[in-house]
Amino acid sequence: MSQLSPATVARLPRYLRLLEENADTETVSSEFLARATRVTAANVRRDLAALGFQGTRGVGYSTAALAARIRRELGLDRRRKVGIIGAGNLGTALAGYTFLQKRGFEVAAIYDSDPRRIGTDTAGMRVRDVESMPEDVAAGVFDMAILAVPASAAQSVAEALVAAGIRSMLNFAPVRIEVPDHVAVRQVDLSHELQVLSYYG
């Protein structure tokens, strides 16, 4: 895996989606990728050079080869197993979100701390006790986590996941969590995004 800047990593999924949408095209240019992803062609060329991927002058980049290289860099050349923490409305909705499967992510387990939810079925899975997370991580049940818990529980859940060995989390709780530098967290605050949109609407 290359040492890429966070900005480059954030752009790679956009490039990949565009390449997949144009899979019947043999080659694509940096200008085409730039227009569709709203960055400059120079940005695109720098990003792809950082991957060690070179195009052909006057021809462009092989669509299939570039898509395969980006998948490998993002770790999408294998199925990724995801654990969802929180079996409330949001967690249940995410567990049933079929597009995750199409993008190579398998929701392998869903957890909760509420005794009324533990043992019930949701999205075709049995809700597990959150206390079993460390054992499940050690057994390879999942290697990425989605936090769909209340703000008050997010930090303690994150700490338990880090202690168990999880290094990648998507946090839907409306609070910023503190993790060690080697752990990657992406924050999705729906209320924040709606407040921003409210300014325009």
When residues of region 120-143 are limited to those that are under 21 Å from the mean Cα position of the chain (by Cα) and assigned to a loop (DSSP other than H, G, I, E, B), the one surrounded by the fewest Cβ atoms within 10 Å (Cβ to Cβ) | G140
Would region 35-45 turn up any residue that is surrounded by fewer than 18 Cβ atoms within 10 Å (Cβ to Cβ), among the small types (G, A, S) and outside any helix (DSSP H, G or I)?
-> no
Given the residues A160, A148, A164, which is the only one that is within 17 Å of the chain's Cα centre (by Cα) and over 21 Å from A10 (Cα atoms)?
-> A148
When you go through L51, L66, L12 one by one, which is the residue that is outside the structural domain of D136 (by TED's automatic domain parsing) and at pLDDT 95 or above?
-> L66
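In region 14-34, how many residues are touching a strand residue (DSSP E or B) at 6+ places or on another chain (Cβ under 6 Å) and assigned to a loop (DSSP other than H, G, I, E, B)? Break it down stepwise before answering.
Let us first name the residues in region 14-34 that are touching a strand residue (DSSP E or B) at 6+ places or on another chain (Cβ under 6 Å), namely 27-29.
Imposing the further condition that a residue be assigned to a loop (DSSP other than H, G, I, E, B) reduces the set to 29.
Residues meeting the conditions: 1.
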Could you list, in sequence order, all residues of region 87-124 that are without any contact (Cβ under 8 Å) to a residue 12 or more places away in the chain, among the aliphatic types (A, V, I, L, M) and closer than 22 Å to V137 by Cβ?
-> I118
So T27, is it closer than 26 Å to Q187 by Cα and either in the same structural domain as R103 (by TED's automatic domain parsing) or of a type in the set (S, T, Y) (or both) | no
Can you tell which of I166, I177, I146 is in contact with a strand residue (DSSP E or B) (Cβ under 8 Å, 6 or more places away or on another chain), under 17 Å from I110 (Cβ atoms) and in a loop (DSSP other than H, G, I, E, B)?
-> I166
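The values are calculated or read from the model by the stated rules, or taken from the named source; none is laboratory data. Note that the coordinates shown come from a computational prediction; the quantities given were computed from them, not determined experimentally. Cβ coordinates were reconstructed from backbone atoms using ideal geometry, including for glycine residues, and neighbour counts include every protein chain displayed.
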